[in-house]
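**Student:** The structure's right below; bear with me while I get my questions together.
The values are calculated or read from the model by the stated rules, or taken from the named source; none is laboratory data. The shown structure was predicted, so the numbers you read here are calculated from the model rather than taken from an experiment. Neighbour counts run over all protein chains shown; Cβ positions are idealised from the backbone, glycine included. Please note that ligands, DNA and RNA were not included when accessible areas were found on the heavy atoms of the full protein model with its side chains. Shrake-Rupley method; radii C 1.70, N 1.55, O 1.52, S 1.80 Å.
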Amino acid sequence: MWYSRGVSHLDSPTTTVAPLLRIQEVSADVGLTTRTIRYYEELGLLKPAARSEGSYRLFDADDLERLRFIKGLRDDAGFSLAEIGQLLEDDLARVRNRTRFRSTTDRAERRAILDDALGRVDRQVATLHTKIDRLEAMIAEAHARRAHLENHLAEIDAGAESAPHAHEPRR
């Protein structure tokens, strides 16, 4: 599961109501600017839990978890916001599909639900493979640069004088 919004059980005697936070508090907590958080809302990546009487955005713990997840995908995994949006939408669809699948016994409808789910998983796998391919290409380029530098070191160690390259200034 990529991300899921929690559901609190209000009828539980041990339920505690978590405080709702204003955007400045969320910004400090998750390490994103308030403008970035607003932008994520504009893109549909985030929907604040509530609005205050003064129309201030109010965020709950699930919103903070979602923002951390988005930030991790963006910063740590290098996903674009469009890719993140698609991953989040696919996860919401997965939850909807599970509910629909469990609520019907119609074979044709169940098949359609499973076909949709398979298509979404295939798209996620393709997105991840594309990301892996890009990272592997970047790693190969870094290895090539390293080998080039090691060749220069070997020339120096062997006492060979290397000719300046066209992009190097002549002395």
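**Student:** Quick check for me: using +1 on Lys/Arg Cβ and -1 on Asp/Glu Cβ, what's the dipole size of the stretch 56-171 about its Cα centre, in debye to the nearest 20?
**Tutor:** Value, rounded to 20: 620 debye.
**Student:** Another question, if that's okay. Show me, for the stretch 59-72, the HN-Hα J-couplings you get by feeding each phi into the Karplus relation (A = 6.51, B = -1.76, C = 1.60, θ = phi - 60°), rounded to Hz, glycine and proline as x.
**Tutor:** 10, 10, 4, 5, 5, 5, 4, 5, 5, 5, 5, 4, 4, x
**Student:** Within 10 Å, count the other beta carbons around each residue, average over each peptide in 30-38, 146-154, and list them highest first.
**Tutor:** My ranking of the peptides, most packed first, is 30-38, 146-154.
**Student:** Then there's this: Assign one of three labels to the stretch 41-141, namely rounded, prolate or oblate, based on the Cα gyration tensor with a ≥ b ≥ c the square roots of its eigenvalues; rounded applies when a/c is under 1.5, prolate when it is not and a/b is larger than b/c, and oblate otherwise.
**Tutor:** Since a/c reaches 1.5 but b/c is at least a/b, the shape of the stretch 41-141 is classed as oblate.
**Student:** If you don't mind, another one. Round to a whole number: what % of the accessible area of the stretch 15-145 belongs to carbon and sulfur, probe 1.4 Å?
**Tutor:** So the carbon and sulfur contribution to the accessible surface is 55 percent.
**Student:** OK, next. What list of ³J(HN,Hα) values in whole Hz, one per residue of the stretch 110-124 in order, does the Karplus curve 6.51 cos²θ - 1.76 cosθ + 1.60 (θ = phi - 60°) give from phi, with Gly and Pro shown as x?
**Tutor:** Rounded to whole hertz, the list is 4, 5, 4, 5, 5, 4, 4, 4, 4, x, 5, 5, 4, 5, 4.
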